[in-house]
């Protein structure tokens, strides 16, 4: 057995297909001065063709798995437009009189080496993006054909040194049983894509096997544990085939729960809604039994464009989603850009720490023209169902009042136009920064509901960036400080008589169910993929015993103790 990194869950058993390295040996060509113009023209044309290909792949991924995953290719487009990377290439051509492909190869090697020397796993993963974009550009400069995966063979396990998102786009889950990569990890774009497509992936195997992998070798991979078996014996094959079939049966049996309400054994009901970024995700969520939309991330409507979406464009999308929700609530979060979410056509200032900077509600209050357009669209959609508006990144009462004042202004503008809307539209705020949790009692006086965004709340409370693999082990959702923030928020909502829900990743974590029941939180919003699994757990839980476990967790002082307590409560239950 070879132990790697479980980067995408699932089990696969099949023959290996080893993908040739997408790199070329390039002679160090020099030119005469008179050829400079031609080389710059070749470079410009190569960049143009590469950009078109990447934009096509982004569109394909957006249609296949949704806009959030397709935003991976924004990083690739940004590399093609990066002034430092491109000036390095042009400088080599101009100063050293080298061919465009030589300059591109040298620039790739320079930046990849620089990133690899950094003691930061995230930056090392980004080196893979530089190579992917650079090799695509080289392909066009050299006139080389793109390496394609076999489509007319028996299903296989793909083995590669690394797999770029642009190669993953063309994977057919019917042909590719699983993926093995020598480098990469859980935070790589390839891992994100593999999880979205639903293909098991084991990564980080470089140096763990002396001989190279061979096409045709029989492999067994476990994407949950990160285990790989080469030419396994019959017993190993049998064990993992049973595990694979069990996972498949569980998936099929869970689907039978789609129309069942999430009610505990002793009769307490929870409402499970969906976090979505697109209409396609809503369709998946409804098939999995979602009771509406607990979080619609509207920022993805603003991406993959050259200008801000109009009021009419936004209204049509919000209306369509509201009607498809079939009477269930649709919580629409207003524009949440900044941090790691950038718009090509809206230049945000360079900041040392953008996650603590100009983002979300801060931008909207600063740019009421952008904000009012969205608020009018949301209000108009409220005439077609139970629409609720949610303001992100709130940290003060002043921000809430300013946002509500702009909402009133949008209402007045619609009144002047004779437009219909729900005048009693519910107003909520995200509790995702410690300041909001600390003054939750004051904020509860201003709004109709709270939605706890645990992803940011955990990071801000603990000062831990979970995407930074050096400190990812310090990211503890069940840290006592986090639990106290949750309790403070829930108590403030209860005392004021307003609804409180959870929409971060903790909502989809089965271990957290005792926490929610103890705090009186009965509405959870999660990814479409988590709905049936969490519902199954709720159906096999007794609320009274869960509450007792929740109470015990609040008495413990260490994250590890709390996690063990909650994990023990969530014992495996077969569907």
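Just need a number here: residues in segment 553-575 that are out of contact with any helix residue (DSSP H, G or I) (no Cβ under 8 Å at 6 or more places or on another chain) and either assigned to a helix (DSSP H, G or I) or within 26 Å of residue 499 (Cβ to Cβ) (or both). Outline the logic, then answer.
First, pick out the residues of segment 553-575 that are out of contact with any helix residue (DSSP H, G or I) (no Cβ under 8 Å at 6 or more places or on another chain): 555, 560-561, 564, 568, 571-572.
If we keep only those that are either assigned to a helix (DSSP H, G or I) or within 26 Å of residue 499 (Cβ to Cβ) (or both) too, we end up with 555, 560-561, 564, 568.
Adding up the residues that qualify gives 5.
How about segment 280-300: which of its residues are closer than 14 Å to residue 374 by Cα and in contact (Cβ under 8 Å) with a residue 40 or more places away in the chain? Spell out the reasoning first.
From segment 280-300, those closer than 14 Å to residue 374 by Cα are 296-300; that's our starting set.
Within segment 280-300, 297, 298, 299, 300 meet the criteria.
Count, please, the residues in segment 537-552 that happen to be over 29 Å from the mean Cα position of the chain (by Cα), within 18 Å of residue 268 (Cβ to Cβ) and assigned to a helix (DSSP H, G or I).
8
Residue by residue through segment 193-211, note down the ones that are over 17 Å from residue 175 (Cβ atoms), in contact with a strand residue (DSSP E or B) (Cβ under 8 Å, 6 or more places away or on another chain) and modelled with pLDDT of 85 or more.
202, 203, 204, 205, 208, 209
Would you confirm whether any residue within segment 469-484 is over 29 Å from residue 326 (Cβ atoms) and out of contact with any helix residue (DSSP H, G or I) (no Cβ under 9 Å at 6 or more places or on another chain)?
Going through segment 469-484, the residues over 29 Å from residue 326 (Cβ atoms) turn out to be 469-484.
Still in the list and also out of contact with any helix residue (DSSP H, G or I) (no Cβ under 9 Å at 6 or more places or on another chain): 471, 473.
Within segment 469-484 (the criterion being over 29 Å from residue 326 (Cβ atoms) and out of contact with any helix residue (DSSP H, G or I) (no Cβ under 9 Å at 6 or more places or on another chain)), the answer is yes, since at least one residue qualifies.
Looking only at segment 78-102, how many residues end up being free of Cβ contacts under 8 Å to residues at least 60 places away in the same chain and assigned to a helix (DSSP H, G or I)?
Of all residues in segment 78-102, those free of Cβ contacts under 8 Å to residues at least 60 places away in the same chain come to 78-95.
The next check asks that each one be assigned to a helix (DSSP H, G or I); those that pass are 78-81, 83-95.
So the answer is 17.
Evaluate the following for residue 537: is it touching a residue at least 60 places away in the same chain (Cβ under 8 Å), at negative phi and touching a helix residue (DSSP H, G or I) at 6+ places or on another chain (Cβ under 7 Å)?
On the way: touching a residue at least 60 places away in the same chain (Cβ under 8 Å): no; at negative phi: yes; touching a helix residue (DSSP H, G or I) at 6+ places or on another chain (Cβ under 7 Å): yes.
Taking the combined requirement at face value, the residue does not satisfy it.
Which residue out of 565, 457, 531 is modelled with pLDDT of 95 or more, assigned by TED's automatic domain parsing to the domain that holds residue 270 and under 27 Å from residue 266 (Cβ atoms)?
Numbers: 457 fails: under 27 Å from residue 266 (Cβ atoms); 531 fails: modelled with pLDDT of 95 or more.
The unique qualifying residue is 565.
Being in a helix (DSSP H, G or I), buried (at least 17 other Cβ atoms within 10 Å of the Cβ), in the same structural domain as residue 444 (by TED's automatic domain parsing) and touching a strand residue (DSSP E or B) at 6+ places or on another chain (Cβ under 9 Å): is that true of residue 407 here?
Considered against the rule, which asks whether it is in a helix (DSSP H, G or I), buried (at least 17 other Cβ atoms within 10 Å of the Cβ), in the same structural domain as residue 444 (by TED's automatic domain parsing) and touching a strand residue (DSSP E or B) at 6+ places or on another chain (Cβ under 9 Å), residue 407 comes out as yes.
Only one of these is farther than 22 Å from residue 275 by Cα and surrounded by fewer than 23 Cβ atoms within 10 Å (Cβ to Cβ): 442, 425. Name it. Outline the logic, then answer.
Numbers: 425 fails: farther than 22 Å from residue 275 by Cα.
The conditions single out 442.
For the structure I just gave you, tell me whether residue 127 is in contact with a helix residue (DSSP H, G or I) (Cβ under 8 Å, 6 or more places away or on another chain), modelled with pLDDT under 80, assigned to a helix (DSSP H, G or I) and surrounded by 17 or more Cβ atoms within 10 Å (Cβ to Cβ). Can you show your working first?
Numbers: in contact with a helix residue (DSSP H, G or I) (Cβ under 8 Å, 6 or more places away or on another chain): yes; modelled with pLDDT under 80: yes; assigned to a helix (DSSP H, G or I): yes; surrounded by 17 or more Cβ atoms within 10 Å (Cβ to Cβ): yes.
Here the answer is yes, as residue 127 does meet what is asked.
Are there helices (runs of 4 or more DSSP H) fully within segment 274-390 with at least 1 residues that are under 17 Å from the mean Cα position of the chain (by Cα)? List them. First the steps, then the outcome.
Values: elements: 279-287, 299-302, 311-324, 361-366, 368-381.
In segment 274-390, the matching helices (runs of 4 or more DSSP H) lie at 279-287, 299-302.
Of the residues 448, 398, which is touching a strand residue (DSSP E or B) at 6+ places or on another chain (Cβ under 6 Å), in the same structural domain as residue 330 (by TED's automatic domain parsing) and surrounded by fewer than 18 Cβ atoms within 10 Å (Cβ to Cβ)?
Values: 398 fails: touching a strand residue (DSSP E or B) at 6+ places or on another chain (Cβ under 6 Å).
Criteria check complete, one pass: 448.
Take residue 518 and decide whether it is in contact (Cβ under 8 Å) with a residue 12 or more places away in the chain, surrounded by fewer than 24 Cβ atoms within 10 Å (Cβ to Cβ) and assigned to a loop (DSSP other than H, G, I, E, B).
no
Name, by its number, the condition in (1) out of contact with any strand residue (DSSP E or B) (no Cβ under 6 Å at 6 or more places or on another chain); (2) without any contact (Cβ under 8 Å) to a residue 40 or more places away in the chain that does not hold for residue 359.
(1)
Being at pLDDT 90 or above, more than 30 Å from residue 546 (Cα to Cα) and either out of contact with any strand residue (DSSP E or B) (no Cβ under 7 Å at 6 or more places or on another chain) or outside the structural domain of residue 516 (by TED's automatic domain parsing) (or both) is the requirement here; does residue 217 meet it? Full working, then the answer.
Details: at pLDDT 90 or above: yes; more than 30 Å from residue 546 (Cα to Cα): yes; either out of contact with any strand residue (DSSP E or B) (no Cβ under 7 Å at 6 or more places or on another chain) or outside the structural domain of residue 516 (by TED's automatic domain parsing) (or both): yes.
So residue 217 fits the description; yes.
Any residue that is under 24 Å from residue 417 (Cβ atoms) and surrounded by fewer than 20 Cβ atoms within 10 Å (Cβ to Cβ) - is there at least one of those in segment 320-340?
Keep residues of segment 320-340 that are under 24 Å from residue 417 (Cβ atoms), which gives 320-323, 330, 332, 334-335.
Remaining after also requiring surrounded by fewer than 20 Cβ atoms within 10 Å (Cβ to Cβ): 320, 323.
Looking for residues that are under 24 Å from residue 417 (Cβ atoms) and surrounded by fewer than 20 Cβ atoms within 10 Å (Cβ to Cβ), one finds at least one in segment 320-340, hence yes.
The values are calculated or read from the model by the stated rules, or taken from the named source; none is laboratory data. None of these values were measured; they are calculated from a predicted model. Heads up, the Cβs are rebuilt from the backbone with ideal geometry, glycines too, and the neighbour counts pull from every protein chain shown.
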